[in-house]
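The values are calculated or read from the model by the stated rules, or taken from the named source; none is laboratory data. These numbers come from a predicted model, not from an experiment. When we count neighbours, we look across all protein chains shown, and the Cβ atoms used for this are built from the backbone with ideal geometry, even at glycine.
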Amino acid sequence: MVNATPPLCTLIYHLKIKLYLLWTKSHISDFVREKVLGQVGSESVHGVEWKFLKFVEEPNFGPGFPIETVYVTGDLILEPLKDHCQWSSNEICSNLLLQVKPGGNRIGPLAVNTLLTESTQSHSLKLPPTLSCQEYPPGVNIIPMRSKTAQPFHTTNLIVFTNGNNQVKHESSPFIAHGEAMIIDPGCRSEFNKELAEIVTALPRKLIVFVTHHHRDHVDGLSTVQKTNPDAHLLAHENTISRIRKDDWTLGCTTVSGTEEICIGGERFKIIFSPGHTDGHLALLHVSTNSLIAGDHCVGQGSAFLDINSGGNMNDYFQTTYKFMDLSPNALISMHGRVNLWPKHMLCGYLKNRRSRESTILKAIESGSKTLFDIVAYTYADVDRNLWVIAASNVRLHVEHLAHQNKLPKEFSLENYRRSCSQFTIHVGKL
Ligand SMILES: [Zn+2]
Ligand SMILES: [Zn+2]
């Protein structure tokens, strides 16, 4: 299957006379070619002979179809490319990514896409043939595995970190844990335990298991990991550990609060406390590439739901989003969906979306809505009613956030409203 619309395409500049173009299968057209060349400042290139080079099928990361890419080479005859195209060679991309500083200029998607799809991937990870994997940034392997996650997703990204030179470069930093490999969020369905065990068996024994939060689609594979490697050591927030089933993890375990660092094969990972989705949610920053593993704070498509029953909190969610923006990551890896290569843009989109929902909710209250049901019916009037129960959880957190900011009108009774919350599902059921 092929995407209905061609994605942004990438041009890899090579030796100033060769062009490598790639785009989704069956979308090779003059229009796409012009668009790609336009992106790198060479709008009209004629007299190029195109030849098929290779076909690559990427993992199925999200609700959409997996991306299929065709690489085509061409000889450029008529004009040389402009100087600013030079950065898009593989080597230069790789160097740019490693040299980039927090707060510095963003690495363009063209550069990063080159890394994502080209042969710079080290393939150091032994993977069962039924699974696919994308390595980005170098050493960070993202394996979408079937899990009991919420629609529209059906996989949770298992992150496996194996790279590193095994030399501890930062002796002065007091690491909370050292390992030769790390896996993050083993949350696959039990049908995939065999594959998970194969992955763990192939990794070094000194294994750190990091869990961003306690939801089943992030911890379902823990018992398989501990059975496969009894030397594995778990790191998570105490609010997460207290919610993990006792028989899922009986091995060594360290609670972390989000100020610590982990050292894996000489590479640093900073733990970032990131509450909002739950009250024990943690993210991880891969320091050398400034890439953020963001857990469920963000998802590859649409907006994230906050878990009101596990300390989900809208104020925390906003604060964590600001914290992520301050980090200026070069890439954002969420546990559902693809890597995001323009995190600032994505995080701004999240803020905009939440603020707009919150202002509609305030409008509903100012227009006389008194109960949770009234507010949801007003705010989600144009959304399928089957989704109202899920939406209600975020609405409740927005109302509490408005109360926290003293934005609610005086005549609105928070007490009566809170009492109405328990009636919500009965009310929806009667529709
Ligand atoms: Zn979650
Ligand atoms: Zn999840």
Hits in the stretch 266-282 (condition: more than 16 Å from ligand 2 (Cβ to nearest atom) and touching a residue at least 24 places away in the same chain (Cβ under 8 Å)): Gly266, Glu267, Arg268, Phe269, Ile271, Ile272, Phe273
Residue under evaluation Ile361, criteria (1) within 22 Å of the chain's Cα centre (by Cα); (2) crowded, with 17+ Cβ neighbours inside 10 Å, criterion not met: (1)
Single residue of Ser288, Ser303 found to be away from ligand 2 (no atom under 16 Å from the Cβ) and touching a helix residue (DSSP H, G or I) at 6+ places or on another chain (Cβ under 8 Å): Ser288
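Are any residues in the stretch 406-426 assigned to a loop (DSSP other than H, G, I, E, B) and loosely packed, with under 12 Cβ neighbours inside 10 Å, and if so, which ones?
Asn406, Pro409, Lys410, Glu411, Ser422
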Filter result (farther than 18 Å from Ile142 by Cβ and at pLDDT 95 or above) within the stretch 283-309: none
Matching residues, the stretch 304-362, being on the phi > 0 side of the Ramachandran plot and either in a helix (DSSP H, G or I) or within 15 Å of ligand 1 (Cβ to nearest atom) (or both): Gly311, Gly337
Long-range neighbours under 9 Å by Cβ, at least six apart or interchain, first residue more than 15 Å from Gly252 (Cβ to Cβ) and not assigned by TED's automatic domain parsing to the domain that holds Gly252 within the stretch 217-232, second more than 15 Å from ligand 1 (Cβ to nearest atom) and small (Gly, Ala, Ser): none
Answer from Ala331, Ala392 - the residue that is under 31 Å from the mean Cα position of the chain (by Cα), among the hydrophobic types (A, V, I, L, M, F, W, C) and not assigned by TED's automatic domain parsing to the domain that holds Pro138: Ala392
Residue check, Tyr350 under 13 Å from Ala304 (Cα atoms) and surrounded by 15 or more Cβ atoms within 10 Å (Cβ to Cβ): yes
